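Readers should treat all values here as calculations from the given coordinates under stated rules, not as data from a laboratory. Because the structure is a prediction, the values reported are computed rather than measured.
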């Protein structure tokens, strides 16, 4: 077997075919293409697959040059990992049914709205955390005095907080609520598209989407629901989803930690610095969430044989 390469690119297939296989820099992928001088791929229904990479035919589904008997998606420059079976096998083909097309159009519409709202969601979460910490600093002395008194109930008197703090907090809450609901709706609709395309989901599309609101499982199920949208794809797309989810968890849990240490009397300079850091993480999480939506949209369009710009 030839030595494993170190740079991404196309190399003679170490798995024994006559073609080439894509190496992504860390591992061999599933994408293959005919090697130089290889015979033309078979013709199905009068349409020939691209013979060599230099032919550069339009992006579409073609007979699989790997010989699976089904179809493989050509993205305009290389074979992808996406395959589909022909109608003769009794399984989904590369053509889009009316229901799948309607679901995909709805997914795209919700995705566009979600991506717009996410532009504001990151800063909104940062603002919400900051205003909450300001309020907790104001109420902190009363809370600590009440905790220090033996027995009796904890009574916290109202504290004066600048009106703009309340206004910013309320506005941030509305932005977060709107972006969260639209993202959940997008996730559920994208799950239905994945099902229509023949992918397997660990849970129903809407259970996976609304698991954001279910205690305990909301730490994991939404991530799995999002990963399922991409099927068994690995590499950069899978890492993108993992990075988004990691930043989201860090942002949402860190605000609780900062709130507790604020009530316990941490200096404002400490909680202020921590709040700035968490705000940066929140913005980064929102940016990655937008990228996840765009990646899923491209993947589903490719999976169903529809132009990503359609």
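By what distance, in whole Å, do the Cα atoms of region 98-303 stretch along each of the three principal axes, largest value first?
66, 33, 28
Which length gain, in nm to one decimal place, applies between residue 173 and residue 119 when the Cα-Cα distance is subtracted from 0.36 nm times their residue separation?
Details: separation 54, 0.36 × 54 = 19.44 nm, distance 1.46 nm.
Result for the pair: 18.0 nm of gain on full extension.
Using alpha-carbon pairs under 8 Å, 6+ residues apart, how would you state the relative contact order of region 98-303 in percent?
So the answer I get is 34 percent.
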